[in-house]
Amino acid sequence: MRNGERFDKTAFVLDWAQNLIRCPNGVTIPFEEGKTARFPQSDCQACPLKDQCTTSSRGRSVSIHPDESLLQELRQRQLTELGRSQLRERVSVEHSLAHISRWQGNQARYLGTRKNLFDLRRTAVVHNLHVIAQMEVQSEQKTTKKIGTTQ
């Protein structure tokens, strides 16, 4: 979504009702979800914002994800207070899953779903024990700091 110093995708307005995309200079073209919208070369060459938009001699292109409308809705939701708190929850869960994935590896260790499910649960228990141990260490450090400051 980032484009260096140039306009990123959010600078372009998507009209979902008419399936039109409008550039920052006001040029409007049709688009299809899951495809790339390409602005005409002639419009881009004559555009006063070309230096801020593209270095391409063929005109600017914007990729439209097949679920772009959903992605935009989710990005807007993340800007709200509730969305930010849900994102913080999700980050901690994803970190836990990443730790488990790192410990387990990319391939199943055993043949069969039952054994691999057992292995996943075993790894999750080990991860939870690590989390509990870390919480105890942090709790002891806080207690030590409080005792040190009261003396």
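Since every read-out is calculated from the coordinates, none of them should be taken as a lab result. Just so it is clear, the model here is predicted, and its values are computed rather than measured. Here Cβ is always computed from backbone atoms with ideal geometry, including for glycine, and neighbour counts include all displayed protein chains.
Which of 99, 130 comes first, and how do the rest follow, when ranked by fewest Cβ neighbours within 10 Å?
Listing 99, 130 from fewest to most nearby Cβ atoms yields 130, 99.
Where in the chain lies the longest segment free of chymotrypsin sites (Phe, Trp or Tyr not before Pro) that are both loop residues by DSSP (not H, G, I, E, B) and have at most 16 other Cβ atoms within 10 Å?
Between the exposed loop sites, the longest stretch runs 17-109.
Give a quick list of trypsin sites (Lys or Arg not before Pro) in the stretch 61-139 that DSSP marks as loop, anything other than H, G, I, E or B, with at most 13 other Cβ atoms within 10 Å.
In loop regions of the stretch 61-139 (DSSP not H, G, I, E or B), the sparsely surrounded trypsin sites (Lys or Arg not before Pro) are 109.
If you plug each phi of the stretch 28-36 into the Karplus form 6.51 cos²θ - 1.76 cosθ + 1.60 with θ = phi - 60°, what whole-Hz ³J(HN,Hα) values come out, in order, with x for Gly and Pro?
10, 9, x, 9, 10, 5, x, 10, 10
Cross-link partners among lysines for residue 50, C-alpha distance below 22 Å, same-chain residues fewer than 8 apart left out?
9
Say we join alpha carbon atoms closer than 10 Å with springs in a Gaussian network model of the chain; which of 112, 59, 83 then has the biggest fluctuation?
Comparing 112, 59, 83 in the GNM, the peak value goes to 112.
Looking at the chain, identify the longest residue range that excludes and avoids all GluC sites (Glu not before Pro) in DSSP loops having at most 11 other Cβ atoms within 10 Å.
33-151
Whole-Hz Karplus ³J(HN,Hα) for the stretch 132-137, in order, using 6.51 cos²θ - 1.76 cosθ + 1.60 and θ = phi - 60°, x for Gly and Pro?
4, 4, 5, 5, 5, 4
Which of the following values of P(r) over Cα pairs in 10 Å bins from 0, in percent was calculated from the structure shown: [x] 11, 42, 37, 9, 1, 0; [y] 9, 22, 18, 18, 17, 12, 4, 0; [z] 12, 36, 32, 15, 6, 0?
[y]
Step through the residues of the stretch 112-117 one at a time and calculate ³J(HN,Hα) from phi using the Karplus curve (6.51 cos²θ - 1.76 cosθ + 1.60, θ = phi - 60°), rounding each to whole Hz and writing x for Gly and Pro.
x, 5, 4, 5, 6, 5
Out of 123, 54, 113, any idea which swings most in a Gaussian network model of the chain, alpha carbons joined below 10 Å?
113
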